[in-house]
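Undergrad: Quick one: the structure is below, and I'll ask about it shortly.
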Amino acid sequence: MWVEFFGVRGSMPAAGAEFAKYGGNTACVHVELEDGTDIILDAGTGIVKLGDELLAKGKPIHLMLTHNHWDHIQGFPFFTPAYQVKRKIVLTPGLTTPREDDAVLQQMSGTWFPIKSDELRADIELTPYEGQDSWQVGSATVRRKSLNHPGGGSAYLIEENGYKLAYVTDNELYPPYQISTTFEEWVEFISEADLLIHDAQYIDKDMPHKHGWGHSLVDQAVELAVTAKVKQCALYSHDYTRTDEDIEHQVAHIQAMLERRKSKTHIFAAYEGMVIQLADDAAPIND
């Protein structure tokens, strides 16, 4: 299983030289399974570049959305495979409240976008897997869990050949509203995952103003990763105001935390272009 980051920002894109190292595009991760199956997690602005790279491949694409907030769907109208004749795209929406499974398509209507979704030439199959907690995609088994986020949504666990990837973004571990998934349930869901990609958009100074906005503190994400004994954790959904220097300071802070706890979990900040292979002979990450 190969994992590549195409967008790592939360809420909105970030532009400027001070964001060059980690990148400014919003949420999008590409997963290529051992059998060549392509899975895309979220359709933020990062999906635009990924779409151009997938044009020539021609195989079906499985697009799994966490939820419908703008930073997770705004790149889809510019996703070039959607304009390919009969290119199959299997679209799995996040389980939101209320359910709006076709929101990513409905944004292409009215005054929001000049091309309507029914003008797309791809074969788009809306597949919410109603009533299922797990299903098969290519050579992998996919499971999902409810996010703690305003309007809800889904986290995903992808398992292939004994390796586990957990994608848990826009998740507030200790929300002030009714909780959907407890900390203990998250620990069980992601236990000993080979790679956890987790929301870490906020830091202490963002609180209490942003408490309830649906994102976790960096320290909370670290605590989850360590408690669940995941092997690697990529901090994700960097705030659009967080510069490269700011993120570097957070990484240094985290390393000090891990050393004090004598934790073996490898934690780092995700950046655009980062590629991680989950395999026995995978090279170690140099972050």
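Every number here is computed from the coordinates shown, using simple stated rules; none is lab data. Being a predicted model, the structure only gives us computed values, none of them experimental. Note that we place each Cβ from the backbone using ideal geometry, even for glycine, and neighbour counts take in every protein chain shown.
Undergrad: With the checklist (1) touching a helix residue (DSSP H, G or I) at 6+ places or on another chain (Cβ under 6 Å); (2) surrounded by fewer than 19 Cβ atoms within 10 Å (Cβ to Cβ); (3) of a type in the set (A, V, I, L, M) in hand, flag the one item Leu126 doesn't pass.
TA: If we test Leu126 against (1) touching a helix residue (DSSP H, G or I) at 6+ places or on another chain (Cβ under 6 Å); (2) surrounded by fewer than 19 Cβ atoms within 10 Å (Cβ to Cβ); (3) of a type in the set (A, V, I, L, M), just (1) comes out false.
Undergrad: Within the range 65-82, which residues are farther than 23 Å from Gly138 by Cα and either among the aromatic types (Phe, Trp, Tyr) or assigned to a loop (DSSP other than H, G, I, E, B) (or both)?
TA: Asn68, His69, Trp70, Gln74, Gly75, Phe78
Undergrad: Right, something else. So which residues in the range 229-246 are surrounded by fewer than 23 Cβ atoms within 10 Å (Cβ to Cβ) and not in a strand (DSSP E or B)?
TA: Within the range 229-246, Lys229, Lys231, Tyr240, Thr241, Thr243, Asp244, Glu245, Asp246 meet the criteria.
Undergrad: Right, next: Those residues that are of a type in the set (Lys, Arg) and under 24 Å from Ile190 (Cα atoms), I need them from the range 106-150; list them, please.
TA: The answer is Arg143, Arg144, Lys145.
Undergrad: If only one of Leu95, Leu120, Leu105 is closer than 20 Å to Ile197 by Cα and of a type in the set (A, V, I, L, M), which one is it?
TA: Of Leu95, Leu120, Leu105, the one residue that is closer than 20 Å to Ile197 by Cα and of a type in the set (A, V, I, L, M) is Leu95.
Undergrad: So how many residues does the range 40-64 have that are part of a loop (DSSP other than H, G, I, E, B) and of a type outside the set (Asp, Glu)?
TA: At the first step, the residues of the range 40-64 found to be part of a loop (DSSP other than H, G, I, E, B) are 42-46, 55-60.
If we keep only those that are of a type outside the set (Asp, Glu) too, we end up with 43-46, 55-60.
Result for the range 40-64: 10.
Undergrad: Go through the range 46-75 and count every residue that is crowded, with 21+ Cβ neighbours inside 10 Å, closer than 19 Å to Gln106 by Cα and among the β-branched types (Val, Ile, Thr).
TA: 3
Undergrad: Another question, if that's okay. So the check is Cβ under 7 Å with 6+ separation or different chains; which pairs have a first residue in the range 125-140 that's over 20 Å from Lys88 (Cα atoms) and a second one that's surrounded by 13 or more Cβ atoms within 10 Å (Cβ to Cβ)?
TA: Filtered contacts from the range 125-140: Asp133/Arg143; Asp133/Arg144; Ser134/Thr141; Ser134/Val142; Ser134/Arg143.
Undergrad: Additional query: State which residue is nearest to Gly7 (Cα to Cα) when the search covers only the range 165-183 and only residues that are surrounded by fewer than 23 Cβ atoms within 10 Å (Cβ to Cβ) and not hydroxyl-bearing (Ser, Thr, Tyr). Reasoning before the result, please.
TA: From the range 165-183, those surrounded by fewer than 23 Cβ atoms within 10 Å (Cβ to Cβ) are 173-183; that's our starting set.
Those left that are additionally not hydroxyl-bearing (Ser, Thr, Tyr): 173, 175-176, 178-179, 183.
Details: Leu173: 22, Pro175: 25, Pro176: 28, Gln178: 29, Ile179: 27, Phe183: 26 Å.
Checked the range 165-183; the qualifying residue nearest to Gly7 (Cα to Cα) is Leu173.
Undergrad: Only one of these conditions is not met by Lys86: (1) of a type in the set (D, E, K, R); (2) assigned to a helix (DSSP H, G or I); (3) over 21 Å from Pro150 (Cα atoms). Which number is it?
TA: (2)
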